[in-house]
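The values are calculated or read from the model by the stated rules, or taken from the named source; none is laboratory data. Keep in mind it's a predicted model, so treat the numbers as computed, not measured. All Cβ positions, even for glycine, are placed from backbone atoms using ideal geometry, and neighbour counts span all protein chains on display.
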Amino acid sequence: MKTLQFITAETEHYSYVEGVYLALQGGCRWIQLRIKEASREELLTVGRVVRGLCTRYAATFIIDDHVELVRELGADGVHLGLKDMPIVEARKILGSETIIGGTANTFEDILLHYRSGANYIGCGPYRFTTTKKGLAPTLGLEGYQKLFEQMKMADIHLPIIAIGGIQQADIPALIRAGASGIAISGTILNADDPVEMTEKLINIIQV
């Protein structure tokens, strides 16, 4: 089944926790807690609340970057950027049962993560997004199509989650191209009704 992943962000209207709650109410069952430049204390405080919400809604809880907090928070896994701990090293620490995702922008990135034992790849950005600093080159639909072709030729079967400034109208083409899911932040949080928007996105992804 194609999945919607919600990436946390703080806005003028919603805190990190409020955003998670709205996405879960809308039916999202995969939450990635991303709080850049947060202290350990803030991550633990917010993370414990998000863990509780994900348990209540039977949702997968992933923490961004912080391998050392996975067990302490009872997270289901970790998502690692290209400048974070290598997936091979994280796998040695966390074991085979923990979900480990990696960020990719090129086929070389995908190949590295595949060989390293990643469970999925967050691939992007689709277009420019304000929720992440130091953005890699945008891919656009053609970029994803090329990557899926390269994966097919290399016989690489790994879930690819498209991420980065994706809006409602972009989703059908990305799913047709081969994406296993979509990671969203602003499109949900900036909607007039985030719960209703989450429901809409899930329906589009799973058609």
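Table for the structure above
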read-out: Any hit, segment 181-204, residues being aliphatic (A, V, I, L, M) and either over 16 Å from PHE6 (Cβ atoms) or at pLDDT below 95 (or both); value: no
read-out: Filter result (more than 18 Å from THR129 (Cβ to Cβ) and exposed (fewer than 13 other Cβ atoms within 10 Å of the Cβ)) within segment 14-44; value: SER39, ARG40, GLU41, GLU42
read-out: Criterion (surrounded by 16 or more Cβ atoms within 10 Å (Cβ to Cβ), under 28 Å from VAL70 (Cβ atoms), hydroxyl-bearing (Ser, Thr, Tyr) and touching an Asp or Glu at 6+ places or on another chain (Cβ under 9 Å)) met by exactly one of THR98, THR129, THR106; value: THR98
read-out: Residue in segment 181-196 that is acidic (Asp, Glu) and within 18 Å of ARG29 (Cβ to Cβ) present; value: yes
read-out: Test: GLU10 is modelled with pLDDT of 95 or more, among the acidic types (Asp, Glu) and in a loop (DSSP other than H, G, I, E, B); value: yes
read-out: Selected residue (only one of ILE171, ILE184 is touching a residue at least 40 places away in the same chain (Cβ under 8 Å) and surrounded by 15 or more Cβ atoms within 10 Å (Cβ to Cβ)); value: ILE184
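Rundown of residues vs (1) in a helix (DSSP H, G or I); (2) under 30 Å from VAL207 (Cα atoms); (3) more than 15 Å from the chain's Cα centre (by Cα); (4) not hydroxyl-bearing (Ser, Thr, Tyr), yes/no style:
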{"position": "LEU4", "(1), (2), (3), (4)": "no, yes, no, yes"}
{"position": "TYR14", "(1), (2), (3), (4)": "no, yes, yes, no"}
{"position": "LEU24", "(1), (2), (3), (4)": "yes, yes, no, yes"}
{"position": "GLY27", "(1), (2), (3), (4)": "no, yes, yes, yes"}
{"position": "THR45", "(1), (2), (3), (4)": "yes, no, yes, no"}
{"position": "LEU53", "(1), (2), (3), (4)": "yes, yes, yes, yes"}
{"position": "PHE61", "(1), (2), (3), (4)": "no, yes, no, yes"}
{"position": "LEU82", "(1), (2), (3), (4)": "no, no, no, yes"}
{"position": "ALA90", "(1), (2), (3), (4)": "yes, no, yes, yes"}
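Conditions (1) of a type in the set (Val, Ile, Thr); (2) in contact (Cβ under 8 Å) with a residue 12 or more places away in the chain, marked per residue:
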position: ASP76; (1), (2): no, yes
position: ALA90; (1), (2): no, yes
position: THR98; (1), (2): yes, yes
position: PHE107; (1), (2): no, yes
position: THR138; (1), (2): yes, yes
position: GLU142; (1), (2): no, no
position: GLN150; (1), (2): no, yes
position: MET153; (1), (2): no, no
position: HIS157; (1), (2): no, no
